[in-house]
Amino acid sequence: MSTLSTKHLLGIKNITADDIRLIFETADNFKEVINRPIKKVPSLRDTTIANIFFENSTRTRISFELAEKRLSADVVNFSASSSSVKKGETLLDTVNNILAMKVDMVVMRHPAPGAPHFLAQHIDANVVNAGDGTHEHPTQALLDAYSMRGELGDLRGKKVAIFGDILHSRVALSNIFCLNKLGAKVMVCGPPTLLPKHIEKLGVIKSHNVTEALNWCDVANVLRIQLERQDIKYFPSLREYSQYFGINKKLLNSLKKEIVIMHPGPINRGVEMTSDVADSDHSIILQQVENGVAIRMAILYLLANKRN
């Protein structure tokens, strides 16, 4: 298979395992490109991409923009905080105005779950979901699984534990969908208040014991506490969270094996993990950032091919 099964990337739930493998193989080629002295290819020279961010973002927005420029696309950046959205303009009006400028693809982050899906039903351009509320963040899950593949090879049968604020995390949901499709085993670990009630129905194991989860897994993907999405207190204090659910070097050294440490960023150092863990040889956090550009280049390239 050399083309994606879908015109949009709205969520991992909407794509197949073959799609994921194709994205990974394409990213392998682009990873070589971004490590060359001349990092550009003319693949999307006649394509205009609009980055529309209704929520703050640093790493994802920069990563997409870099991927687009590496592919020689024309890039339009749109930030809701400095736009007519502040004056009451609707999502559809905003995007239709941008499409009137002849944009081919839209990369969108939005605080409302399902916003990219709504958009994809109403416009002709390809839509890439760069995070919708607490729903999905598909490109992050793909770069996470791609980074694991770089360390462990085929992920079938590998054990991945996702730690932290699963309840508010779109990264967790997309990771679970992605890892399930690639045949990995998944455990979620965190305080009872931060794990969704029926999470086991997604085919994952649940744990409230960090030591148990670390001993079980090959990869620890550690998520930050999303304080900005918490309208009530889900645990007594950050200090107590760190004491019971934080990962430190002493804990890692107590394991009978070496595991891979990951984090989608930004890291709350000293809360979900200590600096000596984040910066240790176990950590592939910086590789995730580099892989993010290659994965996003692959997605944009493959979606553009669906237009032709």
Select the helices (runs of 4 or more DSSP H) contained entirely in the stretch 244-308, then report the ones holding at least 1 residues which are in contact (Cβ under 8 Å) with a residue 60 or more places away in the chain and either under 30 Å from residue 105 (Cβ atoms) or over 22 Å from the mean Cα position of the chain (by Cα) (or both).
-> 285-307
Output the number of residues of the stretch 147-165 satisfying the condition of being in contact with a Lys or Arg (Cβ under 9 Å, 6 or more places away or on another chain) and either not assigned by TED's automatic domain parsing to the domain that holds residue 269 or not small (Gly, Ala, Ser) (or both).
-> 7
For residue 29: the one exception among (1) at pLDDT below 95; (2) part of a helix (DSSP H, G or I) = (1)
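Yes or no, residue by residue, for (1) of a type in the set (A, V, I, L, M); (2) in the same structural domain as residue 180 (by TED's automatic domain parsing); (3) crowded, with 18+ Cβ neighbours inside 10 Å; (4) at pLDDT 95 or above:
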residue: 87; (1), (2), (3), (4): no, no, no, no
residue: 94; (1), (2), (3), (4): no, no, yes, no
residue: 100; (1), (2), (3), (4): yes, no, no, no
residue: 113; (1), (2), (3), (4): no, no, no, no
residue: 121; (1), (2), (3), (4): no, no, no, no
residue: 125; (1), (2), (3), (4): yes, no, yes, no
Check the stretch 179-193 and report whether any residue there is over 16 Å from the mean Cα position of the chain (by Cα), assigned to a loop (DSSP other than H, G, I, E, B) and within 17 Å of residue 273 (Cβ to Cβ).
-> yes
Taking the stretch 174-194 as the search range and keeping residues that are among the hydrophobic types (A, V, I, L, M, F, W, C) and free of Cβ contacts under 8 Å to residues at least 40 places away in the same chain, which one is surrounded by the most Cβ atoms within 10 Å (Cβ to Cβ)?
-> 188
Give the residues of the stretch 1-50 that are buried (at least 20 other Cβ atoms within 10 Å of the Cβ), polar (S, T, N, Q) and within 16 Å of the chain's Cα centre (by Cα), sorted by residue number.
-> none
Just checking, which of 161, 184, 172, 125 is among the small types (Gly, Ala, Ser), at negative phi and in contact with a Phe, Trp or Tyr (Cβ under 7 Å, 6 or more places away or on another chain)?
-> 161
Residue 68 meets each of (1) assigned to a loop (DSSP other than H, G, I, E, B); (2) under 12 Å from residue 301 (Cα atoms) with one exception, condition (1)
Find all pairs meeting these conditions: Cβ atoms under 6 angstrom apart; at least six residues apart or on different chains; first residue within the stretch 195-218 and assigned by TED's automatic domain parsing to the domain that holds residue 176 and in a strand (DSSP E or B); second residue of a type outside the set (A, V, I, L, M) and surrounded by fewer than 15 Cβ atoms within 10 Å (Cβ to Cβ).
-> 206/200
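The values are calculated or read from the model by the stated rules, or taken from the named source; none is laboratory data. Everything numeric in this text was worked out from a predicted model, so none of it was measured. Note: ideal-geometry Cβ built from the backbone for every residue, glycine included; neighbour counts use all protein chains shown.
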